[in-house]
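Report on one structure; see the data block that follows.
The values are calculated or read from the model by the stated rules, or taken from the named source; none is laboratory data. Quick caveat: nothing in here was measured; it's all calculated off a predicted structure. Reconstructed Cβ throughout: ideal geometry from the backbone, glycine too, with neighbour counts over all protein chains shown.
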Amino acid sequence: MPHEPFTAGERAVFRRLSTPEKIQQYLDDLLYDKEPRGPRCRSPRLVMRDRTAHCMSGALMGAAALRAQGHPPLLLDLEAVHDDDHVLAVFRRRGHWGAVAKSNYAGLRFREPVYRTPRELVMSYFEHYYNLHREKTLRRYSRPVNLERFDRIGWMTAEEDVWDIPEYLTTIAHTPILRPHQVPRLGRVDRRLFAAGLVGRR
């Protein structure tokens, strides 16, 4: 780990999160953040303290935990229409991409590292990325962003929200996944898939 001043308790949490699967279970067990005073962007320290996260804070926690395993701390932003964006903490194993993520939708969370490219990984989310009107909403994705660029602000242990990171993600180029003629032809999500995606929604 870099030289952030983690407490003994925080280091113990990272030691327990020794695989991507364990990281995902940790994220799944967190309360989903529905802050009544407005959205938060908690650092991993605040996530561990509050036991609460939404997709952005969960991705930061996932990236920090993956970093503790020796992976670079990478985030990938998914951009949607008529819907919220979603952020993944991504990693590579033997040249293949996987992800951990916090989401209220069951299909927008963990991916095994079996995808050859970031685009392959992103496309595995397409059918599962929909809004409450059953519209398929995923449209673009960013390159993986290495959070080492934010070590200067102490993003892993900050006592304040780390809005610099999501603000940066909104400024970088995103690659479209659909051609314009494909969009009007998209069907609505099957009712069974829609219901399955809401399992565990809080």
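Of note:
- Tallying residues that are part of a helix (DSSP H, G or I) and either surrounded by 15 or more Cβ atoms within 10 Å (Cβ to Cβ) or modelled with pLDDT under 95 (or both) within the range 135-152 yields 2.
- In the condition set (1) in a loop (DSSP other than H, G, I, E, B); (2) under 16 Å from V87 (Cα atoms), Y168 is compliant with all but (1).
- Residue count for the range 93-105 satisfying the condition of being within 15 Å of the chain's Cα centre (by Cα) and of a type in the set (K, R): 1.
- Taken together, the residues in the range 101-134 that are assigned to a loop (DSSP other than H, G, I, E, B), over 17 Å from P20 (Cα atoms) and in contact (Cβ under 8 Å) with a residue 12 or more places away in the chain amount to 10.
- Of the criteria (1) more than 27 Å from L30 (Cα to Cα); (2) surrounded by 11 or more Cβ atoms within 10 Å (Cβ to Cβ); (3) out of contact with any Lys or Arg (no Cβ under 9 Å at 6 or more places or on another chain), which one V189 fails: (3)
- Condition broken by L193, with the remaining ones in (1) within 21 Å of G98 (Cα to Cα); (2) aliphatic (A, V, I, L, M); (3) part of a helix (DSSP H, G or I) satisfied: (1)
- Within the range 148-172, restricting attention to residues that are within 18 Å of the chain's Cα centre (by Cα) and of a type in the set (A, V, I, L, M), the residue that is nearest to L60 (Cα to Cα) is M156.
- For the range 75-93, taking the residues that are in contact with a Leu (Cβ under 9 Å, 6 or more places away or on another chain) and outside any strand (DSSP E or B), the one that is surrounded by the most Cβ atoms within 10 Å (Cβ to Cβ) is identified as D85.
- Test for S18: is it without any contact (Cβ under 8 Å) to a residue 60 or more places away in the chain, polar (S, T, N, Q) and assigned to a helix (DSSP H, G or I): no
- When residues of the range 52-72 are limited to those that are in a loop (DSSP other than H, G, I, E, B) and more than 16 Å from the chain's Cα centre (by Cα), the one surrounded by the most Cβ atoms within 10 Å (Cβ to Cβ): Q69
Let's see how each residue does on (1) of a type in the set (S, T, N, Q); (2) free of Cβ contacts under 8 Å to residues at least 12 places away in the same chain; (3) within 17 Å of P73 (Cα to Cα); (4) touching a strand residue (DSSP E or B) at 6+ places or on another chain (Cβ under 8 Å):
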{"residue": "T7", "(1), (2), (3), (4)": "yes, yes, no, no"}
{"residue": "R11", "(1), (2), (3), (4)": "no, yes, yes, no"}
{"residue": "F14", "(1), (2), (3), (4)": "no, no, yes, no"}
{"residue": "D28", "(1), (2), (3), (4)": "no, no, no, no"}
{"residue": "C41", "(1), (2), (3), (4)": "no, no, yes, no"}
{"residue": "P44", "(1), (2), (3), (4)": "no, no, yes, no"}
{"residue": "T52", "(1), (2), (3), (4)": "yes, no, no, yes"}
{"residue": "S57", "(1), (2), (3), (4)": "yes, no, yes, no"}
